[in-house]
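*Asks:* Would you mind keeping the following structure in view while I ask a few things?
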Amino acid sequence: MSSQVTGVLRFAGIAVAFVASSGGNAVAQPGFETYGSAYRAFSTPPVGIGSFAVAGAALADGRLIAATGSAIFVETGVGTGAFALAASIDPALLGPGGTTDPAFLAVSPDGSTVALGAGFGRPVVVFGVASLAGGTINSANARAYNVEHSSGAFASATQLALAAGSFGSPSRITVLDITSPVGTPINTTVVANIGGASAGVAFDGAGRLFTANGFDLGPGGSSTGTIRAFGLAEWTAALSGTPIDFESSGVLVGEVLSAATLAFDPLGNLFVGGGDYGSLPDNGYFAVVSAAAISQALGGGGPLDPTAATHLRRLDPTGLGFSFFGGFFNALTGELVMTDGTTWYATVPAPAAATVLGALGLAAGRRRRA
């Protein structure tokens, strides 16, 4: 594994962290205060038959991947905002209806594997990035696990965490072993008794599991948007023992929106999407929670203060004030990609920094063609 050196570049007074590997590749990473200084808007592929949305993620080479209907699309180049059909999904893999209403897309930490949550009553489909070469994703090159899911994130190359739960009942987080047999999947509950609908799930750089109450079911217990963190040792122990109780365990991080989306950047800033329409004005924006606020909570200093500008930033590229944003981070370009229907918005930290990110994308394109 190559050694790494971290540092900070400054463009027009805006700090942008970077990670440089011994191989000579540099990846710019915008800091908490730079997200939303500018936006790049682009359109997704049209919503496919049987779907109501388009799910997205970033591949390891910086190109974006999108899923809708029975198709997978990949960006034609880093930062182009244009998509081309990369693979079709065999309807037989998806069960009744033969299509997806995608709940999530996730890419494994090593960049080799994609997981597609095909939606309610449909399977989680796991396939290799090598399958995205214009062919068909089917039982010969993919696994389809019939497990409940509403969102998902990889904990490791073989462990996929899934948020799940039936409406009106407490939700849970399971960990699916994607090497286990399709007919008898190993899908262990590690966090139980989340007092509401399922929300997002994410892991920070230390392997802590973050999840939330997506919709408070009633009096008592956690409220909508309550985010809690569970240590690596804590949730991995639950793989062979008793699930963690969400309501009485872990660390309270804070309450933000409905936490329908949770994701991290490499600097430890947490992205939170969704909306709590019963608690105005806690909707219509996408939240960036600072690494400092996360560290404060994890260190016992109490949950984040949503009124503190150093703890939480509210982004709304539409300016409309009522969008229900999702989002994910592109580690190659350092961009936060916010999703809003079939229009996505990528933040760029500042014009000069954007030029550096564009150069990195060009370099990535050259490596792919070499």
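The values are calculated or read from the model by the stated rules, or taken from the named source; none is laboratory data. This is a predicted model, so every value here is computed, not measured. Neighbour counts are summed over all protein chains in view; Cβ atoms, including those assigned to glycine, are modelled from backbone coordinates with ideal geometry.
*Asks:* For residues that are closer than 28 Å to GLY220 by Cβ and buried (at least 19 other Cβ atoms within 10 Å of the Cβ), tally how many sit in segment 154-174. First the steps, then the outcome.
*Replies:* Going residue by residue through segment 154-174, those that are closer than 28 Å to GLY220 by Cβ are 161-174.
Pick out the ones that are also buried (at least 19 other Cβ atoms within 10 Å of the Cβ) and you get 161-165, 170-174.
Within segment 154-174, residues that are closer than 28 Å to GLY220 by Cβ and buried (at least 19 other Cβ atoms within 10 Å of the Cβ) number 10.
*Asks:* If you check every pair at least six apart or on different chains, which have Cβ atoms under 7 Å apart with a residue in segment 250-264 that is under 13 Å from ASP216 (Cα atoms) and touching a residue at least 40 places away in the same chain (Cβ under 8 Å) first and a residue that is polar (S, T, N, Q) and in a strand (DSSP E or B) second?
*Replies:* From segment 250-264, the pairs are GLU255/THR226.
*Asks:* Just one of the numbered conditions (1) of a type in the set (Ser, Thr, Tyr); (2) crowded, with 21+ Cβ neighbours inside 10 Å; (3) free of Cβ contacts under 8 Å to residues at least 24 places away in the same chain is not true of THR179; which one?
*Replies:* Exception for THR179: condition (2).
*Asks:* Would you mind listing the strands (runs of 3 or more DSSP E) fully within segment 149-195 where at least 1 residues are under 21 Å from the mean Cα position of the chain (by Cα) and among the hydroxyl-bearing types (Ser, Thr, Tyr)?
*Replies:* Details: elements: 151-154, 159-164, 171-177, 187-194.
Result: 151-154, 171-177, 187-194.
*Asks:* Exactly one of (1) buried (at least 21 other Cβ atoms within 10 Å of the Cβ); (2) without any contact (Cβ under 8 Å) to a residue 40 or more places away in the chain; (3) aliphatic (A, V, I, L, M) is unmet by LEU320. Its number?
*Replies:* With respect to (1) buried (at least 21 other Cβ atoms within 10 Å of the Cβ); (2) without any contact (Cβ under 8 Å) to a residue 40 or more places away in the chain; (3) aliphatic (A, V, I, L, M), LEU320 is out only on (1).
*Asks:* Restricting attention to segment 307-329, which residues are out of contact with any Phe, Trp or Tyr (no Cβ under 9 Å at 6 or more places or on another chain) and in a strand (DSSP E or B)?
*Replies:* Result: LEU312, single match.
*Asks:* Shifting gears a bit: Which condition does THR242 not pass, out of (1) part of a loop (DSSP other than H, G, I, E, B); (2) touching a Gly at 6+ places or on another chain (Cβ under 8 Å); (3) among the β-branched types (Val, Ile, Thr), if it passes all the others?
*Replies:* With (1) part of a loop (DSSP other than H, G, I, E, B); (2) touching a Gly at 6+ places or on another chain (Cβ under 8 Å); (3) among the β-branched types (Val, Ile, Thr) applied to THR242, the lone miss is (2).
*Asks:* For segment 127-148, what are the residues that are closer than 18 Å to THR99 by Cβ, among the β-branched types (Val, Ile, Thr) and either crowded, with 20+ Cβ neighbours inside 10 Å or within 20 Å of the chain's Cα centre (by Cα) (or both)?
*Replies:* ILE137
*Asks:* Quick one: would you say THR188 is β-branched (Val, Ile, Thr) and surrounded by 15 or more Cβ atoms within 10 Å (Cβ to Cβ)? Reasoning before the result, please.
*Replies:* Values: β-branched (Val, Ile, Thr): yes; surrounded by 15 or more Cβ atoms within 10 Å (Cβ to Cβ): yes.
For THR188, the condition - β-branched (Val, Ile, Thr) and surrounded by 15 or more Cβ atoms within 10 Å (Cβ to Cβ) - is met.
*Asks:* Exactly one condition in (1) modelled with pLDDT under 95; (2) under 18 Å from the mean Cα position of the chain (by Cα) is not met by GLY321; state its number.
*Replies:* Failed condition: (2).
*Asks:* Of all residues in segment 92-114, which are of a type in the set (A, V, I, L, M) and under 20 Å from ILE49 (Cα atoms)? Even if it seems obvious, please write down each step before you answer.
*Replies:* Kept after step one, since they are of a type in the set (A, V, I, L, M), are these residues of segment 92-114: 92-94, 103, 105-107, 114.
Those that are of a type in the set (A, V, I, L, M) and under 20 Å from ILE49 (Cα atoms): ALA92, LEU93, LEU94, ALA103, LEU105.
To keep it simple, each residue is scored yes or no on (1) surrounded by 20 or more Cβ atoms within 10 Å (Cβ to Cβ); (2) among the hydrophobic types (A, V, I, L, M, F, W, C); (3) more than 19 Å from the chain's Cα centre (by Cα); (4) assigned to a strand (DSSP E or B).
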site: GLY56; (1), (2), (3), (4): yes, no, no, yes
site: ASP61; (1), (2), (3), (4): no, no, no, no
site: ILE72; (1), (2), (3), (4): yes, yes, no, yes
site: LEU93; (1), (2), (3), (4): yes, yes, yes, no
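*Asks:* Moving to a separate point now. On the phi < 0 side of the Ramachandran plot and small (Gly, Ala, Ser): does that describe GLY207? First the steps, then the outcome.
*Replies:* Values: on the phi < 0 side of the Ramachandran plot: no; small (Gly, Ala, Ser): yes.
So GLY207 does not fit the description; no.
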